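I have placed the structure first, in the form of structure tokens, so that the comments after it can refer back to it.
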DNA sequence: CTAATAAGGTTTATAATATAAACCAAATTT
DNA sequence: AAATTTGGTTTATATTATAAACCTTATTAG
């Protein structure tokens with residue numbers, strides 16, 4: 001049995017990746033609403049995905065308020081797809 | 001986004017359940033080999049699945065050696081299938 | 001015979017993870 | 001000008017997973 005990438009095998013990180021797979025880019029607030037997570041948790045998990053090179057994070061300003069925009073990288077897409085493949089072998093889908 | 005049953009969202013427990021979905025029953029040694037886990041880890045995770053009512057565990061003797069036989073319950077099957085459904089919504093499969 | 005090794009586990013300790021709580025700075029509202 | 005909101009980050013805590021140590025009975029080797 002192949003290993004399930006532990007970086008993706010986490011509910012919140014998987015949710016983030018799932019959203020970013022479908023959306024080109026998403027900001028912090030949007031991700032927070034969609035995933036119904038706390039800001040702290042989201043912040044931490046975004047950092048981890050970013051450190052792994054699975055997403056890019058741009059911190060800028062929208063008007064006078066901070067704005068954090070995330071999008072998935074090619075590496076992230078690849079990792080996500082591999083994760084799905086391994087998972088399929090567990091679930092026999 | 002629905003919650004992923006945390007009891008199933010664990011690599012080793014998922015592997016155990018996946019095996020038991022396909023096999024009617026399996027003993028400790030078989031599960032250990034198939035999952036390539038350590039005995040301690042396997043023992044703990046089997047207990048958790050058993051406490052949750054997802055599997056039944058019969059501890060008996062095979063000749064003069066102990067033998068632990070596991071099989072999935074109806075509740076376990078249901079939980080596993082629900083888990084898959086939720087997961088599908090994450091992965092859009 | 002008895003010392004060592006193996007089989008089949010369980011219990012306990014540790015490392016990793018996820019989550020929540022507390023906090024911060026700037027802007028807005030009262 | 002005090003209180004609240006927005007958009008976060010950092011730190012502390014609780015949970016989880018994992019590994020290491022241990023136990024009991026059997027078997028094998030010397």
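Laboratory data are not the source of any read-out in this text; all were calculated from the coordinates shown. Owing to the predicted nature of the structure, the values given are computational and were not obtained by experimental measurement. For neighbour counting, all protein chains shown are included, and Cβ atoms are generated from backbone atoms with ideal geometry for every residue, glycine included.
The residues of the stretch B:24-43 that are in contact (Cβ under 8 Å) with a residue 24 or more places away in the chain and not in a helix (DSSP H, G or I), listed by number, are B:24, B:25, B:26, B:27, B:37. Could you tell me whether residue B:46 is within 25 Å of residue A:86 (Cβ to Cβ), away from DNA strand D (no atom under 13 Å from the Cβ) and part of a helix (DSSP H, G or I)? Here the answer is no, as residue B:46 does not meet what is asked. Being over 11 Å from the mean Cα position of the chain (by Cα), surrounded by 14 or more Cβ atoms within 10 Å (Cβ to Cβ) and either under 29 Å from residue A:21 (Cβ atoms) or more than 14 Å from chain A (Cβ to nearest Cβ) (or both), is that true of even one residue in the stretch B:59-71? Looking through the stretch B:59-71, at least one residue is over 11 Å from the mean Cα position of the chain (by Cα), surrounded by 14 or more Cβ atoms within 10 Å (Cβ to Cβ) and either under 29 Å from residue A:21 (Cβ atoms) or more than 14 Å from chain A (Cβ to nearest Cβ) (or both). The test for being more than 8 Å from chain B (Cβ to nearest Cβ), part of a loop (DSSP other than H, G, I, E, B), within 9 Å of DNA strand C (Cβ to nearest atom) and within 30 Å of residue B:78 (Cα to Cα) holds for residue A:7. Of all residues in the stretch B:50-90, those satisfying the criterion of being touching a helix residue (DSSP H, G or I) at 6+ places or on another chain (Cβ under 6 Å), free of Cβ contacts under 8 Å to residues at least 60 places away in the same chain and not in a strand (DSSP E or B) are B:53, B:54, B:84. Looking only at the stretch A:12-43, which residues are over 21 Å from residue A:78 (Cβ atoms), away from DNA strand D (no atom under 11 Å from the Cβ) and either surrounded by fewer than 20 Cβ atoms within 10 Å (Cβ to Cβ) or more than 12 Å from every other protein chain (Cβ to nearest Cβ) (or both)? The answer is A:34, A:36.
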